[in-house]
Each structure stands twice: as C-alpha cells, then as structure tokens.
1. State which residue is nearest to ligand 1 (Cβ to nearest atom) when the search covers only the range 284-294 and only residues that are in contact (Cβ under 8 Å) with a residue 40 or more places away in the chain and surrounded by 19 or more Cβ atoms within 10 Å (Cβ to Cβ).
2. Taking the options Lys604, Lys623, name whichever one is touching a Lys or Arg at 6+ places or on another chain (Cβ under 6 Å), closer than 30 Å to Thr682 by Cα and not aromatic (Phe, Trp, Tyr).
3. If Lys531 passes every condition in (1) surrounded by fewer than 16 Cβ atoms within 10 Å (Cβ to Cβ); (2) within 23 Å of Lys580 (Cβ to Cβ) but one, which one does it miss?
4. Going by the conditions given, is Ser281 part of a strand (DSSP E or B) and either exposed (fewer than 15 other Cβ atoms within 10 Å of the Cβ) or within 16 Å of ligand 1 (Cβ to nearest atom) (or both)?
5. Among the candidates Glu321, Glu334, single out the residue that is under 26 Å from His529 (Cβ atoms) and within 16 Å of ligand 2 (Cβ to nearest atom).
6. What do you reckon, is Lys266 away from ligand 2 (no atom under 14 Å from the Cβ), open to solvent by 30 Å² or more (accessible area, probe 1.4 Å) and under 20 Å from Ala410 (Cα atoms)?
7. Does Met423 qualify as being under 30 Å from Asp211 (Cβ atoms) and buried (at least 24 other Cβ atoms within 10 Å of the Cβ)?
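The values are calculated or read from the model by the stated rules, or taken from the named source; none is laboratory data. Keep in mind the model is a prediction, meaning the values are calculated, not measured. With ideal geometry, Cβ positions are generated from the backbone for all residues, glycine too; neighbour counts draw on all protein chains shown. Protein only, heavy atoms only, side chains kept; ligands, DNA and RNA dropped before computing areas. Shrake-Rupley method; radii C 1.70, N 1.55, O 1.52, S 1.80 Å.
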Amino acid sequence: MNNKSKSEAERRARLLRMRADKLKDIKQRFEENQNRNFNSNFKPGGKDAKKTGNKTSKQSKNIKKQAENKKTDKNKVNLSVSTKKAEMLRHQRLLSQDVNTQATQHIIGIPVNKSRYNGYNGQQVTMAQIKQARQHRDAVRIIPIGGLGEFGIGKNMTAIEYQGEIVLIDMGTLFASEDYPGVNYMVPDSKWLDDNRDKVKAILFTHAHLDHIGACRHLLPYFGPLVPIYGTAFTIGMIKKQMSELPDVPDMNYQIINPLEHKEIKLSQHLSAEFVHMLHSIPGNTSIVIRTPNGPILLSGDWRFETNPMGIPADYDRLREIADKEGFALMLNESTNIDVPGTHPHSEYDVGDNIGKVMDNYATGRIIISCFSSQVKRIECVLREAAERGRKVAFAGFSMINNVEVALRAKSIKVPKDVIMKMEDIVKLPDDKVTIVCTGSQGEMNAVLNRMVTGAHRHIKVKATDTIVFCSSPIPGNEPKIMGTVDGLLREGAQVIQHNKTHLTNIGPLHLSGHAYYEDHVKFVTDLHPKNYMPYHGEFYMLEHNAEMAENVVGIPRDRILVADDGDIVELLPNQTIRKNGRIVVGNKLYDDADQQVNEAVVKDRIHISREGIFVVILTISKKTGRLIKTPDIVSRAFIYLDNSEELIGKIRHYLRAKTDHTVASDDDVKALKESVKEDVTHILYDATGHTPIVIPVINKV
Ligand SMILES: [Zn+2]
Ligand SMILES: [Zn+2]
C-alpha cells in the first residue's frame, strides 16, 4: 500500500516535471507565433507540419532562426529566403504531382495494367513493345477509344477496323467529377480517328444514354453527311434532338433500324451489322453484332435481365441462334454491375405498383416523383398509376420534357388520355390531383428538384404536405449531393420516400437498375459461349472482375480473355484468337457547362489556385530612369487575406524596393528581374505560410 502510493507520487511528480518542461517550449512557440503575425489559417511549416511529427523540432529551430534574424537585421532587408529551400522544392514537387494526378487521371499514355488478362502475361507493356507492334494484315482490329478503365463510367466509343474500313460504335460523354474544377463533361479524343476519318464507313449507336450518344454534337459533324448513322427510332430521335441544339444543324444520314427484323446491314465491303433488341433502362436499346471476315463480334451494349419485362422481352433467342449457328468469335460485354451479386429481385411492374402505393398512402397532397429522364417505362408507370387515381401529371426539367417528346414520336411510350398537363396549369389544381415528374434525383444543383426546394422554380415551391419520391439509386459519387437535397426537402417539412429505404417508409423497391447483375452475366456469357471475351464499359476493377467471372465461372480459357484499356489495339486474327498489338493515342476533350472547350492547363491552374492561391506583384518602373517610381502593388487572391498580413506584405514590399534599387533598362533586365522576383517572392511566401501560391510578377514601364 505504502509502496504503491509512493510510486504513484513519484509518477505524478515526473509528469508535472515533464509538463513544466514542455510548458516552456509551448510558451516560447506561442510567443514566436504571436510575433509572426501571419495569417493564422496556415500552420507554420506548411499544412503537412502536424502529420510528420519529427519535423517539429526542426521547424521550431527555423522559427527561432527567423526570430533572431528579425532582431538583428531590423533595417536590412532579409533576403535569406532559402532557409527552407529544400522543403519548399519538395512541397512544390508534391503539389505538382497532386495537380497532375488530379487533372490527368483520364489521359492515358501507357496505362498501368499488370492484370493477368492484360495480354502480356501480366507483365507491364513497354514503349518498345508498343513500337515494335506490326499489324497483321488480315486481323480485325477492335479499338476502344473510350469507356474502359476510366474513373467513372462513360465516354463509351469503340472502333472496329478491317483492311482500312472503320466502323464506330457509340460516342459517349463522361461527366467530370469535382476533381475537375469548372469542367462539366468530357468527350473521347483520338488522334488516330482524326487521321483516319475518311475510312469511317458507318456509325452505330446501341442506345440513347448520354454515356453512349452525349458526344454526338462534338464528333458527328466531322464525318459529313455521307456516313450512315444507324440506331433505333428512339436513339436516332435523341441524337437528332441533340444535334438540333447546334447553331448550324448539320445534314446527317440517319438510318432508323428495327432490331426485331433481324436485318443484316452491309456497312462496307467486308463488314456488316445486325442490331438485336435488348432491355435496359431506356427504350430502343440494342446489342450489336458486327460480322467480319474473322467471325461475328458481339458488342453487348448496356443490358439487364428481366423475367417479367414491361414491353417486348429481350431477344436472347436471336443472340443464341447466332451463337449456335455462326459462333461469336469475340464478345464485348458491359461490366457496370458485375460487383452486384445475384439477379434482379423485382420488376418494373413492382416499381409501378409501389408508386401507386405512394399515391394511396399520401392521397391528399401533391406527389413529386424524381427519376432519370430517360426512364420512359418508369414514366409510363407514373402516368398509368396517376390516371387510375384521377391525378394529372406534369413534366418538369428540360431533359425530362425532351425525352418524353422523343418517346412519343418514336412510339416508345403509352400515354393514357387526358392525364398530361403543362406545369403552369397543373399547379392550379387541388393538391390531391397533382403529380409532377421531374429531374434532380441525383441531387444536381440546377435540376428542378433543388430549385423547387430553394424556391427558385417558376411554378412550384415544395411545401409540408408534398411527398417527394426518389425513383432512383445514387450514381456512385453523388450521395452527398442527394443527401443535401433530401435535407432541404425535410427542412421544408415534406415527406421523402427513397428507393432502398423500405424500413423507413414501408414502401418497397422504387427503382430497377439498368444493368445486369453477376448471375445474369454468368448465364448470358455461358449461353452465348463466345470463343474470345473482352469486358468493356466499366472502371478497371469492373473489367477485372468481369474477366475473372468469364474465366472462373464460365470457363473461358485465360488466354482468350483480355482486359484492355482505352487505346489498346486488340486484334482478332483469322484463326479466331485474340491478342493485344500496339496502341493508339487517346485522351479527352474537356468542356464546361457553356459547352466551351477547357484546356487541361487551365484545369491544372484552377486546381493549383484552389489549393494554394494566387499572388500578384505589380512593379511600375520609369522608362527614363529604369527605377521603381511607386510602391509596388500587391494582389492576393485565394491565398491570404491582406488586411491580416501586414508584416508579410511589408517584408515583400521591402524586398521589392531593395530588388529594384538599380536601373532596369533593357528587355533582358526586365525578364531577369521578373524571374528572380517570382522565385524570391515564392520563397518568402513559403517561409511564412508553408504554401506556394502561383506568383505573377507584372512589370509596367511608364
Ligand atoms: Zn445505358
Ligand atoms: Zn452505358
């Protein structure tokens, strides 16, 4: 007992001593920081200072050194800005690495691909190997120009070439993530295609989702009015709609296909195509079979398996028929939901029934349903359920109205009589008659749903008696935005019903994914028993898991499966084997929401500025004397707030005066001055704040 309390007392004493020792250090650092008077948003030693604990003593030494310098050189400009030069260079190097990774993640030179399905025995392909690649004269070349192994799903585009004849399938966009400040979407860019434009014999579209047709207005006009463009009525209707938004609507050779006719379309001397009706979350969806001298190639497009579909069932019979009679030499199969186990547990009819259930349970208020605008079958359900209950339906949102219009014209939607109303008229009806179908299920800032929440919408503001139904699941990455929208709706007192939250609302599934699940893929690929297999349409992990499924479950030999990247040249040889053989140059064109192209360098600057800010020093020099004639102007944006940083600004002004203490006459002098001002100011700023903003010296001669 005694011993124990004694040792306890010792321990406490030791702790107190330690604290006292530390306290001195803490106090000293506190005082030093007080003296610094720099913007406190930035930690001394840079933003990483706290993470790497072992740096701290070095930093406090640096700070001490600075403090000493300050005392001794009160009147002399302290130009010893290189106290942390190595650290600053490291900071700059890491920063530029970060910026590059963020801004160029989709630009692929030679992608890292050591997958065992990479076509090179799991070894990374080298530049030398790519250069050595010699094209096999009689090979059919399959070249993914976009859509494979990207960050996000989209930008789908595939070229198939045989002896100088090229067929293109799909031209999609990819929505840019927050990683690309100010960029809305990207479009496939291929120098190879530019060089081979004249060889393109036909352009085919599997369906009208933007990740398959979104790039039409940028790419189609380059192929001229002679190249035929094939697709189903709904798909061509959506492409025409998109093209009609161009200032000069180009003349195009559109060819509408009815996939149920099983017609073989001759595309060129050696290539022909057949469209096969498949189900997805949009009308007019197809797979495409390209017949080549080396055997038929199946491009699955997007598809889902349904046992109880609304409308015409998928034409698996035709695909099986081709598989059994001709045999698919190569199958390209989409990969979107390969990570989702099982098969679709419910049908679009169930979704319709549940929408009806919502209308019954919340019968007295307005029902606002948000879903993807291309889900025409879902919209058909809403119309039917509303008609049965004497409700009217209005559509809100540009893309929603566009899709319904095109669907009506392509006869892809059944509309009950006297149900559809205009938005401005429906709001005059009593609440229990009002149903609104709108965009915004992904929490998009500018979409109708958010505008209804904020009161920015022309006709409608969400109120407490409204019920909002999300007939959608979040596209990965959109979750926080959707939560923001849901929060906004709940704050207005409205009832929110989301898909997959049955435990909260007692209302079952409200959405059906447009893509097949794992077991569906197993069955599909097994049934069609292709000789060779290539996953497409997916992020890298999806492609890889799709390939594993084909080898391990379906039993396709590993050397007949390829996980390719955008730009890889895949050859289907006359003996019906496949190999990778070289690459073409592929990349992206970036566009902002005004549809203007954004240069990658601009994106990099934006990222740099968003992290470190921008710092401009303006020197005015007399033409006659070559001397500084007024106090340098300093502009800081997104870096430090000048009013709080007098000492630092004073130091920089001081430095600039000393720096311009001699005549700057020739252009070379001006250039040299600019360079050294840029470098030194960067150092001073880094020493003070741990950040390296973009420093822009401007020298005016007057
Ligand atoms: Zn799709
Ligand atoms: Zn797609």
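1. Asn285
2. Lys623
3. (1)
4. On the way: part of a strand (DSSP E or B): no; either exposed (fewer than 15 other Cβ atoms within 10 Å of the Cβ) or within 16 Å of ligand 1 (Cβ to nearest atom) (or both): yes.
No: the conditions fail for Ser281.
5. None of the others qualify; the one that does is Glu334.
6. no
7. So Met423 fails the test.
Quick grid of which residues meet (1) open to solvent by 20 Å² or more (accessible area, probe 1.4 Å); (2) within 23 Å of Lys85 (Cα to Cα); (3) free of Cβ contacts under 8 Å to residues at least 24 places away in the same chain; (4) not in a strand (DSSP E or B):
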residue: Val617; (1), (2), (3), (4): no, yes, no, no
residue: Asp643; (1), (2), (3), (4): yes, no, yes, yes
residue: Val670; (1), (2), (3), (4): yes, no, no, yes
residue: Leu673; (1), (2), (3), (4): no, yes, no, yes
residue: Thr692; (1), (2), (3), (4): no, yes, no, yes
